[in-house]
Amino acid sequence: MPRQGVIVAVLAFTGLVSSFMFTLMVPIQSKLPELLNASRDDTAWVVTSTLLAAAVITPISGRLGDMYGKRRIVLVLLGVMIAGSVIAAFSPGIVGIIVGRTLQGAIVGVVPLGISILRDVLHENRVDSAIALISATLGVGGALGLPISAVITEQSDWHLLFWVAAALGAIGFVLVLWIVPVSVLRTAGRFDFVGAAGLAVGLIGVLLAISRGNEWGWGSPATLGTGLGGLVVLVAWGWFELRIAEPLLDLRVAARPAVLLTNIASVAMGFALFSSNVSYPQILELPVATGVGFGLSLLAASLIVMPSGLVMMVLSPVAGRMARRTGPKLLLVLGALSLVVAYGFTLLFSSEVWHILVANIIIGVGIGFGYASMPMLIMRSVPQSETGASNGLNALFRSLGTSVAAAVIGAVLATYSVEFESTQVPTGTAFTLSFVLGGIAAVIALVVALFIPTKRAPEERHPSLPN
């Protein structure tokens, strides 16, 4: 078997590809109506489709990995992402771009699957550090990808972004096929197709309402119909899953206090992270004449945001050592506390560019510790046969937090806005309220983290695994 460090490096690379894929459209998101000759409401689906695909595929791919081999499913997800990138690269119109971006969303499942592979193939003493490194890629890929995407967009045809994504995916596919060993631990049974369909329908309904509520109107029949309909389906899905022998997700495991509270903290931490992702770049790029912006270019703003991801990478070995000595719960507490400090700092100091830089670095500390701790807490609380599905569910809760943040912060910035040069721009009040909401989410994550129990589940290690 290849050296364990090489396996970790390959899985970390797939994590970088995943997070980079989500930054692709950021530089051109506001220009999509012009580039695709479509309405802004239609081009919003370029982002929404990826979100929905990622939310649906992540928990399902985790279960498939537990049953049929985690490496095999990682390869499938990379292949789907490559196909989506090529389709989008060849597509001049909006339909092809939406199809391609939907398929690209599959790549998100490789991170929780990669973390689960680490538990299967690494010595127990190396697992925590490796998890911290893989988790850090969620921030690093975006931090590095944003300026790269900005440069490509400014210097070349924007379709080149998709070719870059396809190339990165192909490299990841070859490396995983070559380096990562075949999974030896499998969960017996049949795949729950009814449960997968129910989860997909329910999630799509809820996330559609959340992500499109600003455009459709929060009280509109479309928003209420999809949101409430999705909730009804999810309740029925949960009832069904508790009554079959081989469910898609074992909700009894998911209801264990350590797992449940970690997932709740994940929602709050995802909200706190994305609140800054939405508000900080906007305040950096708004013209100085608005009275609230700093007038930076997209590239300059991305360079101010980038250090937070680099901090996550630097902190990953520290997080691993701390987890081995004190347990992952302390990491989550420190991560949430850092986010509280970051938003408190921003509320007091946000009149200079360096203020935003410092706050964003502190957020990098918080997310670096927080995102590293959550998979560790999950895997200490579930049987090894459930790691793929449980990590996928945790990733889903993080995505739910970011989706809610995108909708809520977007609504706040749109509501508290004024006209400037024939366009609506957020006011200082809008940004202040956004920072307050991000801080409240961080406080919730901190309080929940304090109540997470730390008792380990039985290991149930496979006899052929290294020990």
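Could you please state how large a percent of the accessible area of the chain is carbon and sulfur, counting protein chains only and using a 1.4 Å probe? That fraction is 70 percent. Near GLY109, once Lys and Arg are set to +1 and Asp and Glu to -1 for all other residues with Cβ below 14 Å from its Cβ, the sum equals +4.
For the chain, the solvent-accessible area of protein heavy atoms averages 39 Å² per residue (probe radius 1.4 Å; ligands and nucleic acids excluded).
In order along region 189-203, the Karplus-derived 3J(HN,Hα) couplings, from 6.51 cos²θ - 1.76 cosθ + 1.60 at θ = phi - 60°, round to x, 9, 6, 8, 5, 5, x, 5, 5, x, 4, 4, 5, x, 5 Hz, and Gly and Pro are given as x. How much net charge surrounds SER297 when only other residues with a Cβ under 15 Å from its Cβ are counted (Lys, Arg +1; Asp, Glu -1)? The answer is -1.
Residue ranking by accessible heavy-atom surface, 1.4 Å probe, largest first, among HIS123, HIS159 comes out as HIS123, HIS159. For PHE420, the residues whose amide H sits under 5 Å from its own are VAL425, ignoring neighbours fewer than 5 places away on the same chain, with H placed 1.01 Å from N.
Under 13 Å from the Cβ of MET322, count the other residues' Cβ atoms, weight Lys and Arg +1, Asp and Glu -1, and hand me the total. Spell out each step's value before the answer.
Details: positive: ARG321, ARG324, ARG325, LYS329; negative: ASP128.
Here the count lands on +3.
Separation of region 323-380 and region 140-199, taken as the distance between their Cα centroids, equals 26 angstrom.
Given the alternatives [x] 42; [y] 29; [z] 18, percent of Cα pairs over 38 Å apart as computed for this entry is given by [z].
The values are calculated or read from the model by the stated rules, or taken from the named source; none is laboratory data. The shown structure was predicted, so the numbers you read here are calculated from the model rather than taken from an experiment. Counting neighbours? That spans all protein chains shown, and the Cβs are built from the backbone with ideal geometry, glycine included. Each accessible area value is taken on the protein alone, full model and side chains, heavy atoms only, with ligands, DNA and RNA left out. Shrake-Rupley method; radii C 1.70, N 1.55, O 1.52, S 1.80 Å.
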